[in-house]
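Below is one structure, written out as structure tokens; the observations come after it.
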Amino acid sequence: MDIKSMKNYLYWLYCQFELITCSYLMEPWEKLLFYTFNITMLVMVLYIAYIFVPVRITMAFQFFLHLFGNQHENTLSIVK
């Protein structure tokens, strides 16, 4: 795929996005607010997923290990 066709494809995707969101009807200042809000929400969702999803997966993994009997050894039993 060459650069020109990639550029045309990205422009086509942008046009599709504007058609789906009806942002082609907005004035420039409205588009700026709309895109700023959408990008902010996307960044926040990605950040929350990056921070909280691995923690939840680890907790679920530890829960199922505990449920099936593969428990970590207690530190008190090691000391005795």
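Counting only protein heavy atoms and a probe of 1.4 Å, the accessible surface of the range 3-79 is 75% carbon and sulfur.
Note on the chain: GNM, Cα springs under 10 Å; of 47, 14, 35, the largest mean-square fluctuation is that of 14.
Between 0 and 90 degrees, rounded to the nearest ten: what's the tilt of helix 28-67 against the longest Cα principal axis of the chain? With rounding to tens, the tilt is 20 degrees.
If you plug the beta carbon distance of residue 32 and residue 4 into 1/(1 + (r/R0)^6) with R0 = 30 Å, you get a FRET efficiency near 0.55. Against the chain, whose longest principal axis is taken from its Cα atoms, helix 3-21 shows a tilt of about 90°. Shape analysis of the range 3-79 yields a ratio of the Cα radius of gyration to the Kirkwood radius, Rg/Rh, of 1.38. Have a look at 67, 17, 53 and report the one farthest towards the positive end of the charge dipole of the range 3-79, computed about the Cα centre with Cβ charges (Lys/Arg +1, Asp/Glu -1). The one lying farthest along the dipole's positive direction is 17.
Rounded to the nearest 20, the Cβ-based charge dipole of the chain about its Cα centre (Lys and Arg +1, Asp and Glu -1) stands at 240 debye.
The values are calculated or read from the model by the stated rules, or taken from the named source; none is laboratory data. Every value quoted in this text rests on a predicted model; they were computed, and no experiment measured them. Counting neighbours? That spans all protein chains shown, and the Cβs are built from the backbone with ideal geometry, glycine included. Ligands, DNA and RNA are excluded from the accessible area calculation, which covers all protein heavy atoms including side chains. Shrake-Rupley method; radii C 1.70, N 1.55, O 1.52, S 1.80 Å.
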